[in-house]
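A short write-up of the structure that comes next.
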Amino acid sequence: MTENEHRQVFIVLGLYRPDPVLLSRQIQSLVSQTHRNLQILVCADGELDPASRAVVAGFAGSPIHVLGFDERVGIHANFARGMRAAVAASGSDSDLFAFCDQDDFWHPDKLQRQLTCFADSATSLCHSDARIVSERGEVLVASLFEHEARPRATSFADLLIMNSVSGMSAIFRRDVAAAAAPFPLSGCRYVLHDYWTALVAVLLGGIRFIETPLVDYTQHAGNVMGARRWRSGLPRELSAAHRRAYLRKCYREYIWRRRALGELRRLLGELPDARRQLDGESVGALFDCGSGWSAGLGMSLAHRLRGENRQADQIWRLWRGRSLFCASP
């Protein structure tokens, strides 16, 4: 058995009122992985309904374990408690961990392809592109990254500006899982569980991206988030109401990222490599009230000149949020 084959992968499968057909398809894609050394932890957000229990029971003999959670806590806190249980069940620092949504589909070689990234000990997290498919599995969009204009760059500053790591496609080391699992921002829709994990991962190592789609994201009416084609988020309406709504969003996005930055400094600030990233010039330009306005504007213009318009718009929103926060008494 090779080193990669020996590594065990813990998959936290979060459930909340799943569609039985889509759930069965997803679990089948997990147990059909070419990498066989895995454990699937079913983490229900509230009591499992009979149909879902029947689906899970149909995979008896597979490495599936239903965690005993009946309390409804919300999607992000549910993944956090599932990850804590996975870390507790892990017996080796070489184990790897993954989030899994209830209605997507993993390609058979997903884990095997991603495990090769961890031959480099500096890799803390690996993620991939994804396809968008219908409930019947028809391919609607060949690349989620192209569809949503997601950035490939994954420095800490890049991720703090805008997350590009989807939980459904990510796999990460045990130290990342252990540090991220408490998840202090579970009530915030601006810093989701996968976003928080990516921020922790980049402070503990390097993030690797596989351009090939290794996951199918199922687009349907019941999606919590949904995949959306990116369009400029800058305001086009001139009414006072639209302007106020836009500025409120800028303020909230800034506040929650600033709060995440504070939590990360508390959690990992004693590590020299992490501290250098947490206190980097780009981070300070966006989140430090003492920095000049020109640095943030320069960052936005640099992205615009490279054709990275979504990142440029997001920097502008954060800069506007900072201006409102820093002007507050």
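The angle between the Cα long axis of helix 193-204 and the longest principal axis of the Cα atoms of the chain comes to about 80 degrees, rounded to the nearest 10. Computed from Cα positions, the angle between helix 240-268 and the longest principal axis of the chain comes to roughly 60 degrees. DSSP assigns beta bridges within the chain; of those with both partners inside it, close to 25 percent run antiparallel. Between amide H atoms placed 1.01 Å from N, distances below 5 Å from residue 15 occur with 43, 44, 45, all of them 5 or more places distant or on a separate chain. Applying the criteria of a DSSP loop state and at most 15 other Cβ atoms within 10 Å to the trypsin sites (Lys or Arg not before Pro) of the stretch 124-172 yields 136, 152. Counting charges near residue 33 (Lys, Arg +1; Asp, Glu -1) among other residues having Cβ under 9 Å from its Cβ returns a value of +1. Other residues whose C-beta falls under 15 angstrom from the C-beta of residue 128 contribute a net charge of -3, scoring Lys and Arg +1 and Asp and Glu -1. Helix-only arithmetic for the chain: the sum of -39500 (n - 2.57) across DSSP H runs with n ≥ 4, divided by the residue total, places the mean residue ellipticity at 222 nm at -13500 deg cm²/dmol. The modelled label-to-label distance between residue 21 and residue 297, using points 7 Å beyond Cα along the C-beta direction, is 5.5 nm. Sites listed here are trypsin sites (Lys or Arg not before Pro) in the stretch 8-76 whose DSSP assignment is loop and whose Cβ has at most 14 other Cβ atoms within 10 Å: 36, 72.
The HN-Hα couplings worked out from phi for the stretch 300-316 by the Karplus form 6.51 cos²θ - 1.76 cosθ + 1.60 (θ = phi - 60°) are 4, 5, 4, 5, 4, 5, 8, x, 8, 6, 5, 5, 4, 4, 5, 4, 4 Hz, whole numbers, x standing for Gly and Pro. Between residue 34 and residue 245, the modelled labels are 4.8 nm apart [label points 7 Å from Cα along Cα→Cβ].
Assuming 0.36 nm per residue, please report the length gained on full extension of the stretch residue 93 to residue 47 beyond their Cα-Cα distance.
Extra length available between residue 93 and residue 47 comes to 13.4 nm.
Note on the stretch 1-128: with charges restricted to the Cβ of Lys and Arg (+1) and Asp and Glu (-1), its dipole about the Cα centre is near 100 debye.
Model label points for residue 328 and residue 146, set 7 angstrom from Cα along the Cα-to-Cβ axis, are 4.2 nm apart.
Between amide H atoms placed 1.01 Å from N, distances below 5 Å from residue 181 occur with no residue 5 or more places distant or on a separate chain. Excluding the site residues themselves, the longest part of the chain lacking any GluC sites (Glu not before Pro) in a DSSP loop with at most 13 other Cβ atoms within 10 Å is 139-236. With all protein chains kept in place, the per residue accessible area of the chain amounts to 46 square angstrom at a probe of 1.4 angstrom. Quick one: net charge around residue 291, please, counting Lys, Arg +1 and Asp, Glu -1 for every other residue with C-beta under 11 Å from its C-beta. Counting the neighbours of residue 291, the net charge comes to -1.
The values are calculated or read from the model by the stated rules, or taken from the named source; none is laboratory data. Keep in mind the model is a prediction, meaning the values are calculated, not measured. So basically every Cβ, Gly included, is an ideal-geometry build from the backbone, and we count neighbours across all protein chains shown. Side chains included, ligands, DNA and RNA excluded: accessible areas come from the protein's heavy atoms. Shrake-Rupley method; radii C 1.70, N 1.55, O 1.52, S 1.80 Å.
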